[in-house]
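All remarks here apply to the structure that follows.
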Amino acid sequence: MTTSRIHLLRAFPCWIALSLLYLLGVASGAETASNSKPNIILILADDLGYSDLGCYGSEIETPRLDNLAKNGLRFTQMYNAARCCPSRASLLTGLYQHQAGVGFMVYRDWGPGYEGSLNENGVTLGEALKKVGYTTFTSGKWHAAAHRNPPAHSLPENRGFDRSTVVRTHIDSYWKVLSSCDIYRDGKLLIPGDNDETTLKNPYQPDKDFYTTEYFTDVALEYIDDALKEDDKPFFLYLTYNAPHFPLEAPDKTIAKYEAKLQTPDWIAEFGDGWDEMRQKKLARQKAAKVVPSGQRLPEIHYFNNVSIMPGMQTGTDRNPLPKWKDLSKEIKNEARFRRAIYNAQIDNMDENIGRVVDKLKAKGVYENTLILFVSDNGCSGEMGVFGTHFEGGKYDYVEGEWRNGKFTRRGAKEEGAWSHRDKLGGVGYKKSNYEKWKKFSGWATSQGQGWASYSNSPFRKFKKFAHEGGIASPLIVHWPKGFSARGEVSSQPYFHFVDIMPTLLDVAGATYPENFGGKKRLPLEGISMLPYLQKPDQKMEGRPIFWQHETHAAIRQGNWKLVTDNDRSEPIIWELYDLTNDRSETQDVAEKHPEIVAKLSAEWIRFADRAKIKPFPETRNGP
């Protein structure tokens, strides 16, 4: 107690002094609590479309995330790096993915910018927050280390995380752990992968089947319990689900719920039937919720297929417009609805498990001073085909095929890839009638396809891995009752990128970014802190450039101008220019009207490509 407080107490009778002592103590405790560092939970979904949550206009039931949005903030302009592992590398370091070593994927090493593993150019969130007193945890999909023989510096146990339970690479399963996708705990093998093991049980709930979303949540709950019982240190939890990434695998009860909804007249009257009508109705809900501009229009969506650039790298190439729902046969519509029901169930289940985390925080009395951020690593996946992988034996997978009046006409070449037709059931495809046989096949067995993915990304154009808005726009929900006063607001003016998450969390934790770490000089951060915009959501942001490059897709945004291309290898690059003020669906290319803006932004992107080691492109380098 301070000297002034002691002298004050001596001047009053004993009972008054005791009362003042109590009140001063409470006030002092409240002051300490309000100034204490918050716990931080960063939740990352996998391949979730911009509008796949109820609070962003979806028909999917996500009450727990919607409640966080209702009592926090939604941002409409958060951007990712277009693909799973590049986004993770960027999010973890506050650098662009090439600077962090994952310019493409994690399966080959093409040298600087494309090492295929998290490098040591930056520090990770785990390292930065641990340095200022946080206990650090991660649970889920790491996917920032080389698929085979990952270097030690690319693994969570060596990059600042006190405890980790992760799949180091991709997951591509829910009911089992795939071969080469083993689960590691603190660097030691915990659950080895086995493609044939379909009876795995959840170690935390032995009476239940193993299911990744529930398992990684159980790990997270254990970490929270341990963090709060051991000491008074704040904790940082990086919780990375693989939902709703393919394959389509979810609890049967939840699938049945959405199967019924998709065919119920009252539900159809509210949400629509098929991806065309449903996109129209969703856009109206989005405008009402203010998560898209009031003048927003829906674009025409083209499906794509992959074209090889070199061994190990393909790029998405546009084909025909998506078929109209009304032109599909009744049988195809039913099969497509079934796949959508499973996809919806995956998101429903993830939301339920996020609710378990929230309930734990409330039970432990730390909910009010825990900062929760929820984002998705990229747009919804269009992998692969209009209807998804292994659909009807690949009979509709022709690059120029066309549906009309319930009939399909084959045109063009058959799409490449075993995912289209080589299934384990004799080439008939994976459908509702044989569901019990393929429900736990995992891998690339099933996906919802580009028809539904376009709806998940609505109102934007294109898909995961493209640099158009459908590939790079992420929902962002931020909830922190003690940190800011906004409740239920939608912030639409500032635009952010995953590079902004590191400076934001450092700002919240009262930390500074180190120029040197572990005896090595580190690159400076690329982003800005979002904290001022959490505290004042209406605050205007000055235009600043942010960048993208993945496969052959590239873009730069500055202010409301966005320059984007699907082919950054062409000479010269054919750029599209959009004014995002009311055209985030990128329907009105104004490049010819504003050549001076194209020239300015193109020059800025080329400078970035040089400094981030995007160039030379991998196909011009010596092979790995």
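Out of the residues in region 359-379 meeting the condition of being hydrophobic (A, V, I, L, M, F, W, C) and in contact with a strand residue (DSSP E or B) (Cβ under 8 Å, 6 or more places away or on another chain), tell me which one is surrounded by the most Cβ atoms within 10 Å (Cβ to Cβ). Step through it out loud before you land on a result.
Step one: list which residues in region 359-379 are hydrophobic (A, V, I, L, M, F, W, C), which gives 361, 363, 366, 371-375.
Of the ones still in play, those that are also in contact with a strand residue (DSSP E or B) (Cβ under 8 Å, 6 or more places away or on another chain) are 361, 366, 371-375.
Numbers: Leu361: 18, Val366: 17, Leu371: 26, Ile372: 24, Leu373: 24, Phe374: 24, Val375: 23.
By that ranking, first place goes to Leu371.
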Just give me the residues in region 321-357 being touching a helix residue (DSSP H, G or I) at 6+ places or on another chain (Cβ under 8 Å), at pLDDT 95 or above and among the aliphatic types (A, V, I, L, M), in sequence order. Leu328, Ile332, Ala336, Ala341, Ile342, Ala345, Met350, Ile354, Val357
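Quick grid of which residues meet (1) exposed (fewer than 14 other Cβ atoms within 10 Å of the Cβ); (2) among the polar types (S, T, N, Q); (3) part of a loop (DSSP other than H, G, I, E, B); (4) on the phi < 0 side of the Ramachandran plot:
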position: Asp194; (1), (2), (3), (4): yes, no, yes, yes
position: Glu197; (1), (2), (3), (4): no, no, yes, yes
position: Asp207; (1), (2), (3), (4): yes, no, no, yes
position: Thr217; (1), (2), (3), (4): no, yes, no, yes
position: Ile224; (1), (2), (3), (4): no, no, no, yes
position: Leu228; (1), (2), (3), (4): no, no, no, yes
position: Leu239; (1), (2), (3), (4): no, no, no, yes
position: Ala243; (1), (2), (3), (4): no, no, yes, yes
position: Leu248; (1), (2), (3), (4): no, no, yes, yes
Close pairs from region 183-209: first more than 21 Å from Ser442 (Cα to Cα), partner small (Gly, Ala, Ser) and open to solvent by less than 50 Å² (accessible area, probe 1.4 Å), Cβ under 8 Å, at least 6 apart: Arg185/Ser164; Asp186/Ser164; Gly187/Ser164
Of the residues Val478, Val490, which single one is touching a strand residue (DSSP E or B) at 6+ places or on another chain (Cβ under 9 Å), in a strand (DSSP E or B) and open to solvent by 20 Å² or more (accessible area, probe 1.4 Å)? Val490
Go through (1) open to solvent by less than 10 Å² (accessible area, probe 1.4 Å); (2) more than 20 Å from Gly388 (Cβ to Cβ); (3) among the β-branched types (Val, Ile, Thr) for Thr446 and report which single condition fails. (2)
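Restricted to region 607-624, and to residues that are part of a helix (DSSP H, G or I) and within 30 Å of Ile301 (Cβ to Cβ), which residue is most open to solvent (accessible area, probe 1.4 Å)? Please lay out each step first, then the result.
The first filter runs over region 607-624 and keeps only residues part of a helix (DSSP H, G or I), leaving 607-611, 618-620.
Checking the rest, the ones that are also within 30 Å of Ile301 (Cβ to Cβ) come to 608-609, 618-619.
Working: Phe608: 6, Ala609: 0, Pro618: 1, Glu619: 64 Å².
My answer is Glu619.
I'd like to verify a number: residues in region 534-544 that are in a loop (DSSP other than H, G, I, E, B) and open to solvent by less than 40 Å² (accessible area, probe 1.4 Å), how many?
So in region 534-544, the residues in a loop (DSSP other than H, G, I, E, B) come out as 536-544.
Those left that are additionally open to solvent by less than 40 Å² (accessible area, probe 1.4 Å): 537, 541, 544.
Residues that pass the stated criteria total 3.
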Please specify each residue of region 320-346 satisfying the condition of being touching a residue at least 24 places away in the same chain (Cβ under 8 Å), open to solvent by 50 Å² or more (accessible area, probe 1.4 Å) and not in a helix (DSSP H, G or I). Lys324
State whether one or more residues within region 362-369 are part of a helix (DSSP H, G or I) and either out of contact with any Leu (no Cβ under 9 Å at 6 or more places or on another chain) or hydrophobic (A, V, I, L, M, F, W, C) (or both). yes
Scan region 251-273 and tell me whether some residue there is more than 22 Å from Thr389 (Cα to Cα) and crowded, with 21+ Cβ neighbours inside 10 Å. no
Residue hits (region 545-573; in a loop (DSSP other than H, G, I, E, B) and touching a helix residue (DSSP H, G or I) at 6+ places or on another chain (Cβ under 6 Å)) are Pro545
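Is it true that Leu125 is touching an Asp or Glu at 6+ places or on another chain (Cβ under 7 Å) and either within 14 Å of Met313 (Cβ to Cβ) or crowded, with 24+ Cβ neighbours inside 10 Å (or both)? Working first, answer last.
On the way: touching an Asp or Glu at 6+ places or on another chain (Cβ under 7 Å): no; either within 14 Å of Met313 (Cβ to Cβ) or crowded, with 24+ Cβ neighbours inside 10 Å (or both): yes.
No: the conditions fail for Leu125.
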Would you confirm whether or not region 589-599 contains a residue that is in contact with a His (Cβ under 8 Å, 6 or more places away or on another chain) and either at pLDDT below 95 or part of a loop (DSSP other than H, G, I, E, B) (or both)? no
Count of region 292-320 residues which are at pLDDT 90 or above and over 25 Å from the mean Cα position of the chain (by Cα): 0
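I'd like to verify a number: residues in region 321-334 that are under 27 Å from the mean Cα position of the chain (by Cα) and closer than 19 Å to Leu262 by Cβ, how many? Full working, then the answer.
If we filter region 321-334 for residues that are under 27 Å from the mean Cα position of the chain (by Cα), which is where we start, we get 321-322.
Then drop every residue that is not closer than 19 Å to Leu262 by Cβ, which leaves 322.
Matching residues across region 321-334 total 1.
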Residues (more than 22 Å from Tyr50 (Cβ to Cβ) and open to solvent by 40 Å² or more (accessible area, probe 1.4 Å)) located in region 290-319: Val307, Ser308, Ile309, Pro311, Gly312, Gln314, Thr317, Arg319
Where in region 1-116 are there helices (runs of 4 or more DSSP H), lying wholly inside it, with at least 3 residues that are at pLDDT below 95 and open to solvent by 50 Å² or more (accessible area, probe 1.4 Å)? 3-10, 14-35
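Could you tell me which of the residues Asn306, Asn353, Asn349 is touching a residue at least 60 places away in the same chain (Cβ under 8 Å) and within 30 Å of Arg108 (Cα to Cα)? Show your work before the answer.
Values: Asn353 fails: within 30 Å of Arg108 (Cα to Cα); Asn349 fails: within 30 Å of Arg108 (Cα to Cα).
Criteria check complete, one pass: Asn306.
The values are calculated or read from the model by the stated rules, or taken from the named source; none is laboratory data. Bear in mind that the values here come from a model prediction, so they are computed numbers and not experimental data. Glycine also receives a Cβ, built like all others from the backbone with ideal geometry; neighbour counts cover every protein chain displayed. What goes into the accessible areas is simple: the full protein's heavy atoms, side chains included, and nothing from ligands, DNA or RNA. Shrake-Rupley method; radii C 1.70, N 1.55, O 1.52, S 1.80 Å.
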